[in-house]
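No value in this document is a laboratory result; all are computed from the given coordinates. Worth saying up front: this structure is predicted, and the values here are computed from it rather than measured. As a convention, Cβ positions derive from the backbone with ideal geometry for all residues, glycine included, and neighbour counts pool all protein chains shown.
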Amino acid sequence: MTTIYRKSKGLQDVPMHYCPGCSHGIVHKLIAEVMEEMDLIQQAIAICPVGCSVFAGSYFACDAIEAAHGRAPAVATAVKRTHPNQPVFTYQGDGDLASIGAAEIVHAAMRGEHFTTIFINNAIYGMTGGQMAPTTLLGQRATTAPGGRTKEQAGCPMRVAELLSTLEGLVYAERVCVVDIPHLNQAKRAIRKAFEKQMAGEGFTFVEVLAACPTNWGMDPIGANRWLMEHMAEYYPLGVVKEV
Amino acid sequence: MKREIWKGSEAIAEAAIRAGCRGFFGYPITPQNEIPEYMSVRMPAAGGVFVQAESELAAINMVYGAAACGVRAMTSSSSPGVSLKQEGISYMAGAELPGVIVNVMRGGPGLGSIQPAQGDYYQATRGGGNGDYRTVVLAPASLQEAADLMFEAFDIADQYRNPVVVLVDGLIAQMMEPIVWKEHPGRPLPEKTWAADGRRGRAHNNFVTSLFMDAPDCEAHNLALLEKYKAIEANECRWEELMLDDAELVLVAYGTPSRVAQTAVEHLRSQNIKAGVFRPITLWPFPYARLREIAAQPQVKRFMAVEMSTGQMVDDVNLAVAGQKPVAFYGRCGGVIPHVSEIEGAVLAAWKEGL
Amino acid sequence: MAIHLTFQRDLCKGCQLCISVCPKHILELDSAANRKGYRPAVCRDESACIGCASCGKICPDSIITITKD
């Protein structure tokens with residue numbers, strides 16, 4: 001009997017707490033598979049955020065450090081610089097990375113820190129119950145924008161991959177999603193490329209994943225993926241944003 | 001051993017390197033800029049990591065990161081910057097990470113002044129961040145002591161897995177004094193088996209976190225921290241007693257004011273007033289028990305706390321003395337250093353009032 | 001050469017992403033709930049499975065194992 005597919009050894013054998021259809025579990029798995037395929041599980045150090053993925057360190061099989069809200073890039077900076085030969089990555093949501101941690105991610109990218117950031121953009125604060133994020137689309141409803149986000153009140157959503165790509169220290173940025181198998185395969189290739197560039201010491205690498213939050217979007221998982229492709233992928237175009 | 005003239009900030013930085021610190025993360029703020037400036041050259045030469053962070057917030061979180069993967073790390077700042085670091089200090093206490101934070105205190109609140117002050121006593125000893133936690137607070141009064149205590153700071157941090165604050169006023173950092181670089185054999189320290197520095201064959205993953213979702217788990221964590229703090233209180237209390245054997249009036253002061261107070265006491269003794277100085281070296285744990293013993297001595301008539309603040313440590317003096325004897329206070333603040341004659345005058349006034 | 005799909009039934013949250021990507025349309029939700037209270041995904045015709053692993057790859061909870069004899 002041969003195994004065609006099984007849970008990655010880059011994940012611990014524990015159930016995850018994410019809601020049905022949430023993209024977090026899929027992205028965790030892709031990172032885990034890349035770590036397993038590149039034989040990095042025993043060396044890698046994950047920096048986890050505050051938000052829904054606050055427990056990521058209990059799911060990844062590698063060592064992990066829980067950072068304060070938004071500070072993962074600062075934590076990762078010290079971890080990578082003191083352990084330059086080991087793979088280090090931050091896993092951050094949009095509230096964590098684009099709002100409270102905006103300074104930390106911009107300066108890590110500016111310095112060209114040799115770690116990888118996996119940015120989960122689901123256009124909402126998930127853990128706290130659906131408040132408006134910097135990435136919430138215009139017109140999209142949130143508990144702190146019940147009539148939908150307006151430009152006048154909250155400005156236009158932030159395209160983080162493009163913003164960071166203006167910085168010389170960033171060598172690779174790609175925006176992906178995991179709504180179906182072709183997109184998921186592309187997302188995994190992007191994560192792998194980011195890790196490869198990190199291990200080659202090229203500079204800061206960034207993968208933005210457009211992610212579904214069916215619970216806080218008020219949709220079923222399939223409908224959420226459809227909405228993601230119709231609305232999010234229109235404002236946040238998929239593909240390589242920068243590659244040096 | 002050779003005596004060398006050092007500037008306070010640079011002596012603190014050099015002592016940290018000699019104590020094995022291999023990560024320095026800071027942000028410019030007066031009056032402590034010589035520490036990151038010195039570190040920017042010396043730390044890479046020692047094989048360590050220096051990063052000028054984008055903010056004090058980022059700097060303390062870099063200390064958190066380096067500590068979490070087992071590296072001796074520190075940051076330094078001055079009062080307003082240390083306020084920004086409180087988030088990270090709370091997280092370090094919660095995740096039980098060792099690290100050293102040097103606060104070169106200046107006048108406050110807000111931007112305040114850039115001259116020496118002691119207005120951050122409450123923040124340092126009570127914990128300026130959220131939650132039930134304590135930081136060990138070491139308060140040197142000379143450059144020799146500052147250099148020596150940096151070694152102790154890293155050892156205490158590692159032994160108890162807890163952040164340690166080295167609290168000095170701006171004068172200690174800015175003045176020059178002779179120091180001798182002593183051998184510090186250090187204490188036996190536990191291995192950092194908890195560090196998240198890559199599994200490398202370890203059977204399980206290490207996850208450094210301060211999150212406990214279930215209240216009973218979080219309570220158990222708090223109670224375990226409390227046991228640790230009790231051990232620190234039992235083992236790490238330090239103080240110095242100057243001319244206290246026959247003292248009727250006890251001045252209590254730390255840092256720069258303790259030196260001014262010492263000179264004032266010498267003057268007072270020449271006027272046949274039996275005064276002495278009790279100098280806490282650890283502000284937390286505060287030497288309550290010893291001060292209470294002193295208060296119980298029959299010849300001791302009264303106490304006077306002398307601070308470069310409007311009166312913060314005096315609360316701890318009152319807690320220690322517990323009403324056994326009167327406790328007076330004299331302070332200057334906002335960056336003003338009390339003159340010897342002022343302290344003398346305050347003591348004489350209090351003395352007359354007592355007689 | 002038979003292909004076998006194993007679902008960790010009680011860890012399934014019934015999100016149906018596996019059903020949405022199965023090219024053979026052989027996955028469906030069970031009529032009975034699992035221990036979590038979700039109707040878990042099941043394969044109604046394993047003999048039609050081509051072993052593409054799409055279901056396993058997209059499962060957010062990594063509960064699907066695919067083997068062949």
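Some observations on this one:
- Zone residues, the range B:330-351, relative to B:Gln271, backbone N less than 13 Å from point 7 Å out along Cα-to-Cβ: B:340-351
- Percent of Cα pairs in the range B:212-355 per distance bin of 5 Å, from zero to the largest separation: 2, 10, 19, 20, 17, 11, 6, 5, 4, 3, 2, 1, 0.
- Beta bridge orientation in chain B: antiparallel %, DSSP, nearest 5: 25 percent
- Karplus 3J(HN,Hα) series, Hz, for the range A:119-127 with 6.51 cos²θ - 1.76 cosθ + 1.60 (x for Gly, Pro): 10, 8, 9, 10, 6, 6, 7, x, 4
- Among beta bridges identified by DSSP and lying wholly in the protein assembly as shown, the antiparallel ones come to about 35 percent.
- Surrounding net charge for A:Tyr18, when Lys and Arg each add one and Asp and Glu each subtract one, Cβ distance under 10 Å: 0
- Two-site FRET efficiency, A:Ala154 against C:Ala33, from Cβ-Cβ distance with R₀ of 41 Å, rounded to 0.05: 0.50
- The distance between label points at A:Leu138 and A:His17 comes to 3.7 nm (points 7 Å beyond Cα on the Cα→Cβ vector).
- Kirkwood analysis of the protein assembly as shown, using all unique Cα-Cα pairs, places the hydrodynamic radius at 27.3 Å.
- Qualifying trypsin sites (Lys or Arg not before Pro) in the range C:1-65, DSSP loop, other Cβ atoms within 10 Å at most 11: C:Arg35, C:Arg44
- Computed [θ] at 222 nm, helices only, for chain B once each DSSP H run of length n ≥ 4 contributes -39500 (n - 2.57): -13500 deg cm²/dmol
- Theoretical gain in end-to-end length, B:Met175 to B:Asn318 [0.36 nm per residue, Cα-Cα removed]: 48.3 nm
- Relative to the longest principal axis of the Cα atoms of chain B, the long axis of helix B:143-160 makes an angle of roughly 50 degrees.
- Point-to-point label distance, C:Thr6-B:Lys182, nm (Cα→Cβ direction, 7 Å offset): 6.4 nm
- Sequence-distant residues sharing a close amide H with B:Gly70 (under 5 Å, placed H): B:Ala196
- Cysteines having no other Cys beta carbon under 4.7 Å from their own, within chain C: C:Cys12, C:Cys15, C:Cys22, C:Cys43, C:Cys49, C:Cys52, C:Cys59
- Values of log10 I(q)/I(0), in the order q = 0.09, 0.10, 0.14, 0.17 Å⁻¹, for the range B:150-288 under a Debye, Cα-only, solvent-free model: -0.47, -0.56, -0.90, -1.12
- Highest GNM mean-square fluctuation among B:Ala67, B:Ala305, B:Ala46, for chain B modelled with Cα contacts below 10 Å: B:Ala46.
- In range of the label at B:Glu293: residues from the range B:230-249 whose backbone nitrogen is under 17 Å from the point 7 Å along Cα→Cβ: B:233-247
- For chain B, a Gaussian network of Cα nodes joined below 10 Å ranks B:Ala45, B:Ala95, B:Ala153 by mean-square fluctuation, and the top entry is B:Ala45.
- Bins of 10 Å from zero: percent of alpha-carbon pairs in chain B: 6, 25, 33, 23, 10, 3, 0, 0
- Against the main long axis of the alpha-carbon atoms of chain B, helix B:340-354 sits at an angle near 60°.
- Only beta bridges with both residues in chain A are counted; by DSSP, about 20 percent of them are antiparallel.
- Kirkwood-Stokes translational diffusion coefficient of the range B:179-253, alpha-carbon pairs, 20 °C, 1.002 mPa s, µm²/s: 119 µm²/s
- Each semi-axis of the equivalent ellipsoid for chain A is √(5λ) with λ an eigenvalue of the Cα gyration tensor; in descending order they amount to 26, 21, 16 Å.
- Modelled FRET efficiency - R0 25 Å, A:His231 with A:Met110, Cβ distances, 0.05 increments: 0.20
- Net charge contributed by nearby residues that have their C-beta within less than 10 Å of C:Cys49 (K/R +1, D/E -1): 0
- The range B:195-282: trypsin sites (Lys or Arg not before Pro) in DSSP loop, at most 11 other beta carbons within 10 Å: B:Arg200
- Ellipticity at 222 nm from helices only: DSSP H runs of n ≥ 4 in chain A, each -39500 (n - 2.57), divided by the residue count, give -9000 deg cm²/dmol.
- Relative counts (whole %) of C-alpha pair distances in the range B:13-68, using bins that are 5 Å wide: 4, 22, 31, 28, 14, 2
- Cβ neighbours within 10 Å from other chains - mean over A:111-118: 1
- Cβ-based charge dipole, the protein assembly as shown, positive-most Cα from B:Phe50, A:Val209, B:Met105: A:Val209
- Helix B:34-45 axis, angle to chain B major axis (alpha carbon atoms, nearest 10°): 40 degrees
- Restricting the range B:182-226 to GluC sites (Glu not before Pro) that sit in a DSSP loop and have at most 13 other Cβ atoms within 10 Å of their own Cβ leaves B:Glu183, B:Glu191.
- Average projection, convex hull of the Cα set of chain C: 4.1 square nanometres.
- Most fluctuating residue given options B:Ala289, B:Ala73, B:Ala247, as computed from a GNM of chain B linking Cα atoms under 10 Å: B:Ala289
- Coupling constants for the range C:53-69 follow from the phi torsions by the Karplus curve (6.51 cos²θ - 1.76 cosθ + 1.60, θ = phi - 60°), and in residue order they are 6, 4, 4, x, 5, 8, 4, x, 9, 6, 9, 10, 10, 10, 10, 9, 6 Hz; glycine and proline get x.
- Placing +1 on the Cβ of every Lys and Arg and -1 on the Cβ of every Asp and Glu, with no other charges, gives the protein assembly as shown a dipole of roughly 760 debye about its Cα centre.
- Here the dipole of the range A:24-243 is about 260 debye; that uses its Cα centre as origin and unit charges on the Cβ of Lys and Arg (positive) and Asp and Glu (negative).
- Inter-chain Cβ neighbour average for residues B:265-273, partner chain, 10 Å: 0
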